[in-house]
Amino acid sequence: MEENLSQRSSRDFEKLMDDTSEELRDTFMTGHKRFDDFFLELLENTERSLNEMFLRTYGKPYLQNAEVFQGLFAELKRYYTGGNVNLEEMLNDFWMRLLERMFQLLNSQYLINEDYLECIGKYMEQLKPFGDVPKKLKSQVTRAFIAARTFVQGLMVGREVANRVSKVTMSSACVSGFTKMLYCSYCQGLFTLKPCNNYCLNVMKGCLANQADLDPEWSKFIGETFLVPLTKSMTDLRQTYVSTRNLNHNC
């Protein structure tokens with residue numbers, strides 16, 4: 001009889017842990033999907049908006065060089081989705097390629113070789129053909145995308161942590177305490193009698209002692225790795241969108 005109750009209490013405990021953590025796991029999973037959909041849609045809308053703006057302003061010359069911008073957004077998306085992309089190098093390369101294309105368009109009457117274009121690129125910092133836009137955009141894009149990628153990856157890590165923590169290995173003391181708490185009254189025929197709140201808390205604290213040690217780190221994860229990057233990401237994304245629209249006035 002005692003063995004049966006111990007096995008039953010173990011199953012009850014496992015179900016309790018799984019049910020308790022299910023909402024948290026679902027919250028992380030739902031949050032991941034919503035933010036991922038939102039961010040990718042925002043990136044797509046920004047690319048489309050710039051494409052339409054440049055097409056209206058520059059027409060055919062832009063169409064002939066649109067792959068420069070398409071490559072930029074493709075690399076940004078690849079970075080966000082976990083790709084091995086150095087944002088600073090990628091953005092520097094974008095501005096270099098853009099300068100080369102524009103210089104060739106504005107000087108189409110001349111035959112410009114690769115050596116000449118490379119020479120121009122070396123003096124890009126001094127010439128500042130795009131003003132302060134590259135510097136500002138690099139700072140904003142880097143902050144926004146690092147925060148966004150950290151946030152979306154954090155959601156998946158949080159879900160995995162919640163899933164693993166819910167799989168508690170019950171010690172013999174935990175099984176014994178949990179069984180007594182739930183079924184000790186059965187021996188006296190008191191099937192509806194429930195244990196008091198303090199008793200329940202003490203038993204659960206004993207069973208979840210190891211998990212309780214995670215509380216400081218979990219709070220740090222939620223705060224520093226989770227909420228702060230999200231706030232910064234949203235701010236930087238708004239600034240980035242404004243800066244990318246300013247490209248039209250510097251090209």
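The values are calculated or read from the model by the stated rules, or taken from the named source; none is laboratory data. None of the values given here were measured: they were computed from a predicted structure. A quick note on method: Cβ atoms are made from the backbone with ideal geometry, for glycine too, and the neighbour counts reach across all protein chains shown. Keep in mind that these areas ignore ligands, DNA and RNA; they rest on the heavy atoms of the full protein, side chains included. Shrake-Rupley method; radii C 1.70, N 1.55, O 1.52, S 1.80 Å.
For this structure, a couple of remarks:
- Violating pairs (Cα-Cα greater than 30 angstrom) within the set Lys15/Lys77; Lys60/Lys128; Lys33/Lys128; Lys33/Lys60; Lys180/Lys220; Lys77/Lys135: Lys15/Lys77; Lys33/Lys128; Lys33/Lys60; Lys180/Lys220
- For the stretch 1-134: rounded, prolate or oblate by the Cα gyration tensor [a/c cutoff 1.5]: prolate
- Within the assembled protein chains, the solvent-accessible surface assigned to Asp26 is about 60 Å², based on a 1.4 Å probe.
- Note on Asp132 and Lys167: the extension gain reaches 7.3 nm, defined as 0.36 nm multiplied by sequence separation minus the Cα-Cα distance.
- Cα-based shape type of the stretch 136-175, given that a ≥ b ≥ c are square roots of the gyration tensor eigenvalues and the cut on a/c is 1.5: prolate
- Between Ile120 and Ala212, the modelled label-to-label distance comes to 6.9 nm, taking each label 7 Å out from Cα in the direction of the beta carbon.
- Rounded to the nearest 10 degrees, the angle from helix 228-245 to the longest Cα principal axis of the chain is 20 degrees.
- Remark on the chain: hydrodynamic radius 22.9 angstrom, per the Kirkwood mean of 1/r across alpha carbon pairs.
- Angle between the chain longest axis and helix 172-183 axis [Cα atoms, degrees, rounded to 10]: 70
- Residues in the stretch 122-127 carry Karplus couplings, in order, of 5, 9, 4, 5, 6, 6 Hz; the curve used is 6.51 cos²θ - 1.76 cosθ + 1.60 with θ = phi - 60°, and Gly or Pro positions show x.
- Selection from Gln109, Phe94, Thr81 lying farthest towards where the dipole of the stretch 67-147 points positive, charges on Cβ: Thr81
- Helix 87-106 and the long axis of the chain differ in direction by around 20°, with both axes built from C-alpha atoms.
- Cα-only radius of gyration and Dmax that characterise the stretch 63-142, units Å: 13.7, 43
- For Arg8, the solvent-accessible surface computed with a 1.4 Å probe is close to 110 Å², ligands and nucleic acids excluded.
- Between Lys194 and Ile112, the simple spin-label model (points 7 angstrom out along Cα→Cβ) gives 7.8 nm.
- At the residue level, Val161 shows approximately 50 square angstrom of accessible surface with a 1.4 angstrom probe and all protein chains present.
- In terms of Cα atoms, the Rg and Dmax of the stretch 1-71 work out to 26.8, 85 Å.
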